[in-house]
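The values are calculated or read from the model by the stated rules, or taken from the named source; none is laboratory data. Predicted model only: the values in this text are computed from it and were never measured. Please note: Cβ atoms are built from the backbone with ideal geometry, for glycine as well, and neighbour counts cover all protein chains shown.
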């Protein structure tokens, strides 16, 4: 699949939840990049399509490719018999393959994916969705050997509620608006 072969600049997070996911990884010690747009050639329609990496989180050992969605039910649905729609899972898997192709195709980014000592993780972060849907999707991923991890907003907010007071005690200064807002909310 032809894909862009030059670096692209980040764009600011346009969705608040994307910014929160990025903050989550930053507070866990990752260097992050957000909304990195790239083009790829759609094989069927033979035209360019555009996609972005919502959040790319990197530390010394791993690279995490994060797709962020507000509603998990919009990304992956079940049919009338409550069976997960495989075509929707395939679309998500295809997204990660395009991201990996892009990172491999850009010389400056290859180290993010190709380094033998780095682990590459695929994460689908979601703000809301029925818990039983998330559980059934996780079980489906495990059963089908699909290497995607779900990250819920409740897990993220639980971590932030615990971590932000620890940071405040150290007197850390920041210009991150989400971190400042969240600091005020949990006082």
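From the set of residues in the range 139-155 that are in contact with a strand residue (DSSP E or B) (Cβ under 7 Å, 6 or more places away or on another chain) and modelled with pLDDT of 90 or more, which is farthest from residue 88 (Cα to Cα)?
153
Does at least one position in the range 112-125 carry a residue that is assigned to a loop (DSSP other than H, G, I, E, B) and in contact (Cβ under 8 Å) with a residue 24 or more places away in the chain?
Among the residues of the range 112-125, at least one is assigned to a loop (DSSP other than H, G, I, E, B) and in contact (Cβ under 8 Å) with a residue 24 or more places away in the chain, which makes the answer yes.
Of the residues that make up the range 164-176, is at least one in contact with a helix residue (DSSP H, G or I) (Cβ under 7 Å, 6 or more places away or on another chain), surrounded by 15 or more Cβ atoms within 10 Å (Cβ to Cβ) and modelled with pLDDT of 80 or more?
Checked against the condition, which is being in contact with a helix residue (DSSP H, G or I) (Cβ under 7 Å, 6 or more places away or on another chain), surrounded by 15 or more Cβ atoms within 10 Å (Cβ to Cβ) and modelled with pLDDT of 80 or more, the range 164-176 yields at least one hit.
Looking at residue 53, is it touching a strand residue (DSSP E or B) at 6+ places or on another chain (Cβ under 9 Å), under 30 Å from residue 130 (Cβ atoms) and assigned to a strand (DSSP E or B)?
yes
Which of the residues belonging to the range 25-38 are over 19 Å from residue 119 (Cα atoms) and either in contact with a helix residue (DSSP H, G or I) (Cβ under 9 Å, 6 or more places away or on another chain) or crowded, with 19+ Cβ neighbours inside 10 Å (or both)?
Listed by number, the residues that qualify are 27, 34, 35, 36, 38.
In the range 1-33, how many residues are part of a loop (DSSP other than H, G, I, E, B) and under 15 Å from residue 69 (Cβ atoms)?
3
How many residues are under 21 Å from the mean Cα position of the chain (by Cα) and either part of a loop (DSSP other than H, G, I, E, B) or in contact (Cβ under 8 Å) with a residue 60 or more places away in the chain (or both) when one looks only at the range 158-176?
4
Among the candidates 78, 110, 41, 48, single out the residue that is over 30 Å from residue 164 (Cβ atoms), at pLDDT below 90 and touching a helix residue (DSSP H, G or I) at 6+ places or on another chain (Cβ under 9 Å).
78
Results for (1) touching a strand residue (DSSP E or B) at 6+ places or on another chain (Cβ under 9 Å); (2) part of a helix (DSSP H, G or I); (3) under 24 Å from residue 16 (Cβ atoms); (4) without any contact (Cβ under 8 Å) to a residue 24 or more places away in the chain, shown as yes or no for each residue.
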position: 35; (1), (2), (3), (4): yes, no, yes, no
position: 57; (1), (2), (3), (4): yes, no, yes, no
position: 67; (1), (2), (3), (4): yes, no, yes, no
position: 89; (1), (2), (3), (4): no, yes, no, no
position: 98; (1), (2), (3), (4): yes, yes, no, no
position: 101; (1), (2), (3), (4): yes, yes, no, no
position: 108; (1), (2), (3), (4): no, yes, no, no
position: 133; (1), (2), (3), (4): yes, yes, yes, no
